[in-house]
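Heads up: the structure comes next, in structure tokens.
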Amino acid sequence: MLYCVILSLRGERFYGNNRALNHPAATNGMRAEPGERVRNRKQQAKMAIRKPQKAVEKTGARYDELLAALNRQDSVPSPGTIVKGKVTGKRGNEILVDIGCKSAGAIPANEFENADEVKAGDEFDVLLIDLEGENGMVVVSKRQADEKIRWEAILAKYKEGDTVTGTIRGKVRGGMIVAVDGVDAFLPGSQVDVNPSRDLDIYITGEPQEFKIIKISDERRNIIVSRRELLEAQMAEKKHALLQTLQKGQIVHGKVKNITDFGAFVDLDGMDGLLHITDMSWGRIKHPSELLKVGQELDVMILDVDLERERVSLGLKQAQANPWDDITARYPVGSRLHGKVVNLAPYGAFVEIEPGIEGLVHVSEFSWTKRIARASDVLSVGDEVDVVVLNIDAANQKIALGIRQTEANPWDTVQDRYPVGSRITGKVRNFTTYGAFVEMEEGIDGMIHVSDMSWTRKVNHPSEILQKGQTVEAIVLEIDAANQRISLGLKQAQTDPWSSIAAHYQIGQIVKGKVSKIASFGAFVELEDGVDGLVHISQISDQHIDKVRDALKVGQEVEARIVKIDRDERRIGLSIKAVGMDEGEVARLTAEAEADTGAHAAPLGSFANAFEEAFAASEEWRPGQED
């Protein structure tokens, strides 16, 4: 046999090919099962060893034939290699191919691009997967052979970092698939574009694009590519070139790319520049979206170029005429304008008189007569008002406006309506420590000083005489229109009881009254016509008194004797304990009380001096200072 001869030549065992061992002649006319075939082959191999044939001569045609057969056996491919396969026919959905060495295999028709056009004799590259499959035929694949060929071509042609051309085929989890020279590469979602995109479908255009290989795994036959790195490199190159051409003051065209609270980023076709909100308009805007929208094209001015940090500052308003340049000519001081309230602050209101031009109306310029605490008490954003230009500071872009100047100033004619000496009627509106404000008309107040409230009493606080909301009559004493002040007198609207005091009271006279105030030095007793007399603590009782309040109470009715009258100082001295004295004692007491009115001053420690000290103390006395 041929196999035995070959073995004898090589000195090694040889089992022959599958078809020879499976031939009916080798199994007595019966086709053996796979297990039996293996046993048959082993038995035949043993038989070949145990029963060698006659040695073949090593020369001649027969020897050459056998040697050629041996060489063919040595060239049998191993699994995993690519071999040529010749189509021998079709069987159902399979195409039969012969890979040589009397070995054939079946390949599914769907592995061929045009299976209907495949015919016997056509040759294709196929991948040998196994020398023997379950059906006894070799296992081969055209698809896997094509993939291997393409992969090996990729490895030979490209390396990591190279730029390749591919087409995005579709989306997968975490990214997209890109076809590169027939091999599928993975494009991670983070590498699709410079900015993250939620809609990856927009990148599936079917058009070839360039990608950068960032990783190749031969073991896993995996390629990872990036579109983003190429875009960033292109942008960096374009940005660098653009920065070299930009100059301050240059007008460039751009497109709004993004809007934030503090401004907008404008695409200058190579890099982004920042347009700050303060450089968008000469007027006031609260948010950039009031003026701009994404995708809007506009002309902007280059304000600053930072080559080191690669930043560009832009200005929109600077590309337009500055309305402040001729502001004084268009709005001279004193001119009357109509505007719109665009913003409110506690100290005033900002009024827009034209786009980009605002003026401030201070709260003090709202009304001639009303006291405005906050601008929001009078105006609201969006209100339209008439104003008068008060002052312009073009250098600092400030305009002072006034609302009250659009109306007549009531203080200009106040003297005509309220001449000095005229009697007015008003309502007590407010108190201060030194007087009370009386509303004469809406917005016009006059003040009554405490010294002008009573002819007879020493008033330390207006609440001793008046109450808020009380209607009173007063006399106009003085008018200062420039400073918007009017002085009023309450006592001047009444008769002065001291002008006829002599007709009502004499020294030594016993009078009745009511305790009106108590102090540490004595008590004040209100007599008729509102006249107060002072009872010194020493004149309350014959007994020693430490505190006035222990002997007298406010409102208590008492009887006292007049021991002193000073018309010039408007003072009356009283004595409660003198009520029970005889005429001689009264005369002696009154003489002592009047001692300081003569040529010689009263001696220290005398009754007269005690009265003087009490009256002097009453000048500084305040309600509540009682001991």
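From zero outward in steps of 10 Å, how is the percent of C-alpha pairs of region 361-465 spread across the bins?
All Cα pairs, binned at 10 Å, distribute as 12, 30, 28, 19, 9, 2, 0 percent.
Spin-label point model (7 Å from Cα, Cβ direction): what's the ASN430 to ALA481 distance in nm?
2.4 nm
Provide the per residue accessible area, probe 1.4 Å, for region 299-417, rounded to a whole number of square angstrom.
Per-residue accessible area for region 299-417 comes out at 54 Å².
State, to one decimal in nm², a quarter of the convex hull surface area for the C-alpha atoms of region 157-308, i.e. the direction-averaged projected area.
Directional mean of the projected Cα hull area for region 157-308 stands at 11.7 nm².
State in Å² the accessible area per residue of region 453-525; use a 1.4 Å probe, count heavy atoms of protein chains only, and round to the nearest integer.
47 Å²
Mind checking which aspartates and glutamates have their C-alpha under 13 Å from LYS512, skipping anything on the same chain fewer than 8 residues away?
Straight-distance partners of LYS512: GLU526, GLU528, ASP529, ASP532, GLU557, GLU559.
Hey, any idea what % of region 355-417's accessible area is carbon plus sulfur with a 1.4 Å probe?
Working: 1500 of 3400 Å².
Answer for region 355-417 is 44 percent, counting heavy atoms of protein chains only.
List the pairs from LYS142/LYS212; LYS157/LYS257; LYS86/LYS157; LYS86/LYS215; LYS398/LYS468; LYS157/LYS238 whose alpha-carbon separation is above 32 Å, in the order I gave them.
LYS157/LYS257; LYS86/LYS215; LYS398/LYS468
The values are calculated or read from the model by the stated rules, or taken from the named source; none is laboratory data. Everything numeric here is computed off the predicted structure, so don't read it as measured data. Here Cβ is always computed from backbone atoms with ideal geometry, including for glycine, and neighbour counts include all displayed protein chains. Protein only, heavy atoms only, side chains kept; ligands, DNA and RNA dropped before computing areas. Shrake-Rupley method; radii C 1.70, N 1.55, O 1.52, S 1.80 Å.
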